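Notes for the one structure printed next.
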Amino acid sequence: MSLSRAFFAVIRRDLVLALRRRSEIANPLLFFILVITLFPLGIGAQPHLLQAIAPGIIWVSALLAAMLSLDSLFRSDFDDGSLEQILLSPHPTSVLVLGKIIAHWLVTGLPLLIVAPLLAVFLGMPNHALGILLLTLLLGTPVLSLIGAIGVALTVGLRRGGMILSLLVLPLYVPVLIFAGNAVQMAGSGLPVDAQINILIAILLMALVLAPLPVAAALKMSIN
Amino acid sequence: MQTHSTHSLEGTGLSCIRDDRVLFEKLAFELVSGQVLLLEGKNGSGKTSLLRILCGFREPDTGEINWCGDAVKDSRFYAQMAYVGHLDGIKKELTVLENLKMSVALSSAGQYSIHEALAKVHLAGYDDILVQALSAGQKRRLSLARLLITENVLWILDEPFTSLDKQGIALIETLMTEHCANGGMIVLTSHHDIDLPDVDVQRINLS
């Protein structure tokens, strides 16, 4: 009866599941790419404007892509009873759901990191800001999964929780959006961004430690 | 492995109120190793609600449940119970083997190895089949195989005979008899008349 074995088994199971239903990975990623490629078409031939708003475009798209993928986090487990089995495990639920959240980030957050530099170049973002963009995505997207998990856990038992989910979760995403967008903007102008990065690290660490507890509690409520 | 020390599950003064409707009140029972508790009653009489209260998914509106003398929260209850409900709790995109390995990882290895358990529920050779290719009865037997491969004393079963054929039902009854002979205990609901001649069966009628 080992907790770490259960933790990694949850991660592995969710990764295998994601590989078998590939649309789960493809959907948010495709959304991210499509939204970003539509902006230059909508704005027209104004490279300077595009360059100025590039950090915002990328981060808002990442945020919405994360929102779009949230529902899949607990939905199928809730529908087929796997969630009941996870809650009945003698291991702490918060650790097991952290495993699920990590797997969710690996499937939906990490691919954004991989295509983001390409899209940033496409929007004309200066090369020296790419590193910071990647760093903010690396620190910020796990926070989106962690905070989003609280919202999903609260609404998974509702028949149409989608609307409430957005209202619950989006305000909590705002700090990440502000600091990450600002950091990339500053880096583009060649200014130091230590403060923003430190705050993002602090938000990530806090979410990592604190989010799994309310997620576990909310799931127990939802399963009732 | 099964421990042969005596375990007990005790409920006192349990009641459940749903939408202002009293499903049951002042319900009391005591179950010790080797016994079966069969909940009877018509549809909507609170059988499933009682099972979900036992699992801790719902709080009872009054009363308490003790496991071996301690409140469920303070005991090793969750390490010693297994639940098979209306929902199978198995992933249809995973293979039979992957599903069972996950169950073992979530609790701990029990009396039988995965292959022994599959043979026991007549699913030997299905290891690498995706669960979505199984029939309803096979899925049910797979979720019941979970009871054999994890360490547990108490089985909580909600309509375990659903979608099983005559042979399947006889098979599960044999497994239940064996489990009780090994010092286990079972709480179940069933519309089907259970036939367990060698087991001490208590009945509670909820309607």
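Every number here is computed from the coordinates shown, using simple stated rules; none is lab data. Worth saying up front: this structure is predicted, and the values here are computed from it rather than measured. With ideal geometry, Cβ positions are generated from the backbone for all residues, glycine too; neighbour counts draw on all protein chains shown.
Just to verify a number: FRET efficiency for A:Arg5 and A:Ser94, C-beta to C-beta distance, R0 = 22 Å, to 0.05? Between A:Arg5 and A:Ser94 the formula returns 0.85. Between the C-alpha center of segment B:18-88 and that of segment A:14-68 there is a gap of 48 Å. One decimal place: the segment B:Asp128-B:Asp165 gains 11.0 nm when fully extended, by the rule 0.36 nm per residue minus the C-alpha distance. Measuring nothing but how far apart in sequence close Cα pairs (under 8 Å, 6+ apart) lie, relative to its length, chain B scores a relative contact order of 32 percent.
Of the residues A:Met125, A:Met186, A:Met67, the one that moves most in a GNM of chain A with alpha-carbon contacts below 10 Å is A:Met186. FRET efficiency for the pair A:Leu68 and B:His192, taken as 1/(1 + (r/R0)^6) with r the Cβ-Cβ distance and R0 = 51 Å, rounds to 0.70. Among beta bridges from DSSP that stay inside the protein assembly as shown, the antiparallel ones total about 45%.
Can you compute the charge dipole magnitude of the protein assembly as shown about its Cα centre, using +1 on each Lys and Arg Cβ and -1 on each Asp and Glu Cβ, nothing else charged? Give it in debye, rounded to the nearest 20. So the dipole magnitude of the protein assembly as shown works out to roughly 1080 debye. Based on C-alpha pairs under 8 angstrom that are at least 6 apart in sequence, segment A:103-164 has a relative contact order of 37 percent. Relative to the Cα centre, the charge distribution of chain B, modelled as +1 at Lys and Arg Cβ and -1 at Asp and Glu Cβ, gives a dipole magnitude of about 400 debye. The label point for B:Ile17 and the one for B:Lys73, both projected 7 Å from the Cα toward the Cβ, are 2.1 nm apart. This model, with +1 at the C-beta of Lys and Arg and -1 at the C-beta of Asp and Glu, gives segment B:81-152 a dipole about its Cα centre of some 220 debye. For the protein assembly as shown, the number of Lys pairs with C-alpha atoms closer than 18 Å, counting only pairs eight or more positions apart or on separate chains, is 15. Within the listed set A:Gly44, A:Gly157, A:Gly131, the Gaussian network model of chain A (springs between alpha-carbon atoms below 10 Å) gives the highest mean-square fluctuation for A:Gly44. Overall shape: prolate for chain A, with the ratio a/c of the largest to smallest alpha carbon gyration tensor axis at 1.5 or above and a/b above b/c. Potential lengthening of the chain between A:Leu167 and A:Ile43 amounts to 41.8 nm, from the contour at 0.36 nm per residue minus the alpha-carbon distance. Comparing B:Asp74, B:Asp127, B:Asp193, which has the greatest mean-square fluctuation in the GNM of chain B with Cα pairs linked when under 10 Å apart? It is B:Asp193.
Considering only A:Ile11, A:Ile164, A:Leu68, and ranking their Cα positions along the charge dipole of chain A that arises from unit charges at the beta-carbon of Lys, Arg, Asp and Glu, the one farthest toward the positive end is A:Ile11.
Using a cutoff of 8 angstrom between alpha carbon atoms and counting only pairs six or more residues apart, the relative contact order for segment A:24-133 works out to 43 percent.
Suppose R0 equals 22 Å; then what is the FRET efficiency for A:Val121 and A:Phe31 from their Cβ-Cβ distance, rounded to the nearest 0.05? Efficiency computed from Cβ-Cβ geometry: 0.65.
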